[in-house]
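Trainee: Encoded as structure tokens, here's the structure I'll be asking about.
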Amino acid sequence: MIMTSNDPQDTSRPSSQMAIWLGYAGLIPFVISAAAVLLFDEDPFLQETAGQALVAYGAVILSFLGGVRWGRALGASSKETQTRDFVLSVLPSIFGWSCLLLPIISGGIFLLIFGYLWQLYVDLKATRNHSLPRWFGRLRLRLTVGAIIALVAGGLGLL
């Protein structure tokens, strides 16, 4: 029998480990799409398609990150906190969707980078005030850096 602590900050908990592994696996489509943008530089159609895939996946994941706030809002102890978290939970979806409507290089990719930085700020603030576990903040920082590197590489490849 494996013994783990009940501390939600403990990254040895099975749920924490699963989140960490799945989080890193979520970087795979970023890496593949960015690499495709760079590799298909001789074929404008394939390169554009890879760029669209990169922006689309970036928008989906940004929307997914807003779900953290939604879940937290459901268990909020005050109406004010709940309202704030519900509002913060839908903003990434709306922002990500708007990135899909813009030309990839002139707006979509680079606005997504801003969206990821803003969401990282919100998540790190939540870990500092202990409404989210510390391990989540560390994970979000690493995953955001990975996503932004892929977005920058894809954006530069499309220039």
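Please treat every number below as a calculation from the coordinates, not as lab data. Bear in mind that the values here come from a model prediction, so they are computed numbers and not experimental data. As a convention, Cβ positions derive from the backbone with ideal geometry for all residues, glycine included, and neighbour counts pool all protein chains shown.
Trainee: Out of F45, F64, F114, any idea which swings most in a Gaussian network model of the chain, alpha carbons joined below 10 Å?
Mentor: Its mean-square fluctuation being the largest, the pick is F45.
Trainee: To continue, here is another question. Show me the helices of the chain, taken as full DSSP H stretches, that run 15 Å or more along their long axis by Cα and average 1.6 or above in Kyte-Doolittle hydropathy.
Mentor: Qualifying helices, which must be both long enough and hydrophobic enough, are 28-39.
Trainee: Roughly what would the spin-label model give for F110 and L46, points 7 Å off Cα along C-beta, in nm?
Mentor: Spacing of the two 7 Å Cα→Cβ label points: 2.8 nm.
Trainee: Pairs of Cα atoms under 8 Å, at least six residues apart: use those to get the relative contact order of the chain, whole percent. Mind dumping the intermediate values first?
Mentor: Working: 175 pairs, mean separation 46.5, N = 159.
In percent, rounded to a whole number, it is 29.
Trainee: Need the C-alpha centroid separation for the range 131-152 versus the range 23-93, integer Å.
Mentor: The range 131-152 and the range 23-93 have Cα centres separated by 12 Å.
Trainee: Just from its helices, what would the mean residue ellipticity at 222 nm be for the chain, if runs of 4 or more DSSP H residues each count -39500 (n - 2.57) and the sum is divided by every residue, rounded to the nearest 500 deg cm²/dmol?
Mentor: -26500 deg cm²/dmol
Trainee: Here's something else I'd like to know. Just subtract the alpha-carbon distance of Q82 and L156 from 0.36 nm times their residue separation and send over the number in nm, one decimal.
Mentor: Working: separation 74, 0.36 × 74 = 26.64 nm, distance 3.96 nm.
Using 0.36 nm per residue and subtracting the Cα-Cα distance, I get 22.7 nm.
Trainee: Looking at the chain as a GNM with Cα springs under 10 Å, which of S78, S131, S89 has the largest mean-square fluctuation?
Mentor: The residue that fluctuates most here is S78.
Trainee: Let me ask something else. Contour minus end-to-end for I149 and Q17, with contour as 0.36 nm per residue of separation and end-to-end as the Cα-Cα distance?
Mentor: Working: separation 132, 0.36 × 132 = 47.52 nm, distance 2.38 nm.
Stretched out fully, the I149 to Q17 stretch lengthens by 45.1 nm.
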